[in-house]
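Since the structure comes first, as C-alpha cells, the remarks are kept for the end.
The values are calculated or read from the model by the stated rules, or taken from the named source; none is laboratory data. All values reported here derive from a predicted model rather than from experimental measurement. We place every Cβ from the backbone using ideal geometry, glycine too, and count neighbours over all the protein chains shown.
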Amino acid sequence: MQIAMSTRIQLRILFVCLGNICRSPAAEVICRAMLQKVGMAGQVMVDSCGTASYHVGSKPDARMLSALERAGFRYDGHRARQLRKEDRTRFDLIVPQDSENMRDVQQLLHGTSARVVPMRAWFPAGCSLREVPDPYYGGAADFDGVVQLLADSMPQLVKELRAELSARDGNSTV
Ligand code: 4NP
C-alpha cells in the first residue's frame, strides 16, 4: 500500500500532557519518527504542549531524553509551551495523555474544531493501563515504560492517519 508523496500538510496533531517535558514531547518525537518512516511526515504536522505553565521554555526532562535515546529516538530543539486558546482551531486531532489532561483540554478548548481523543485509544490490545502514566516522580524504568507504551501505540495511530489521508485525498492506495 502506498500513498502519493506530498509535502502539503493535511493533518495537524497536538499531543498534550501536564508539563510538556515528559510524555507529550515523547509522543511528538515518536509519532514524527514513525511518520517519517512511512513517508507521511510531509503531510502531517505534529506538535505538543502542556496544560500547565510550570516548565514553559524548558527542554524536555533529561530523564525522558535518555529514555528516548535508549529506544533510538532523539529530540533536539523542543521547548515546552502551554496549551493556548488559539489551539482550538489549529489542529485536527488533539491527544491528551491522561484523564486529567483530557478534562483540562475539554475545559480550556471548549468547542474546539479538533477531535479530542485520549492516547489510550491506541494502546495495544491487552494493555491494562487506562492512561499514559506520569513518570515525573518515578525512575528510569517509568520513563522507559512510557516510551515503550507510546512506541507500541503509535503504529495504530499512524495507520488511522494514513486511512484518513487516503479518504481526504480520495486517493485509492494500492
Ligand atoms: P509531563 O510530566 O506532564 O509528562 O510533562 C510532568 C512534568 C512536570 C510535572 C508533572 C508532570 N510537575 O509537577 O512539574
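Just one of Leu157, Leu161, Leu150, Leu165 is within 12 Å of the ligand (Cβ to nearest atom) and among the hydrophobic types (A, V, I, L, M, F, W, C); which is it?
None of the others qualify; the one that does is Leu150.
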Point to revise | Criterion (in contact with a helix residue (DSSP H, G or I) (Cβ under 6 Å, 6 or more places away or on another chain) and among the basic types (Lys, Arg)) met by exactly one of Arg63, Arg32 | key: Arg63
Review point. Quick one: is Met45 in contact with a Pro (Cβ under 6 Å, 6 or more places away or on another chain), at pLDDT 95 or above and either over 14 Å from Leu150 (Cα atoms) or assigned to a loop (DSSP other than H, G, I, E, B) (or both)?
Key: no
Check your understanding: Can you find a residue in the range 138-156 that is of a type in the set (Ser, Thr, Tyr), farther than 19 Å from Asp47 by Cα, within 16 Å of the chain's Cα centre (by Cα) and not in a loop (DSSP other than H, G, I, E, B)?
Key -> no
**Study point:** Out of Gly77, Gly57, Gly50, sole residue that is small (Gly, Ala, Ser), within 16 Å of the ligand (Cβ to nearest atom), surrounded by fewer than 15 Cβ atoms within 10 Å (Cβ to Cβ) and farther than 16 Å from Pro155 by Cα
**Key:** Gly57
Check your understanding: Which pairs have Cβ atoms under 8 Å, sit 6 or more apart or on different chains, and link a residue in the range 70-81 that is farther than 12 Å from Ala26 by Cβ and touching a residue at least 40 places away in the same chain (Cβ under 8 Å) to one that is among the hydroxyl-bearing types (Ser, Thr, Tyr) and part of a loop (DSSP other than H, G, I, E, B)?
Key -> Ala80/Ser58
Exercise for review: Determine the pairs where a residue that is over 17 Å from Arg84 (Cβ atoms), located within the range 52-68, has a partner that is charged (D, E, K, R) and surrounded by 15 or more Cβ atoms within 10 Å (Cβ to Cβ) with Cβ atoms under 6 Å apart, the partner being 6 or more residues away or on another chain.
Suggested key: Ala67/Asp144
**Study point:** Any pair with Cβ under 6 angstrom, 6 or more apart, that starts in the range 105-132 at a residue that is over 17 Å from Gln82 (Cα atoms) and outside any loop (DSSP other than H, G, I, E, B) and ends at one that is away from the ligand (no atom under 16 Å from the Cβ) and hydrophobic (A, V, I, L, M, F, W, C)
**Key:** Arg115/Leu93; Trp122/Leu157
Check your understanding: Looking only at residues in the range 113-135 that are buried (at least 18 other Cβ atoms within 10 Å of the Cβ) and more than 13 Å from Ser153 (Cα to Cα), which one is nearest to the ligand (Cβ to nearest atom)?
Key -> Asp134
Study note, to complete from the structure: If we ask which residues in the range 6-32 are within 16 Å of the ligand (Cβ to nearest atom), polar (S, T, N, Q) and either assigned to a strand (DSSP E or B) or surrounded by fewer than 23 Cβ atoms within 10 Å (Cβ to Cβ) (or both), their number turns out to be 0
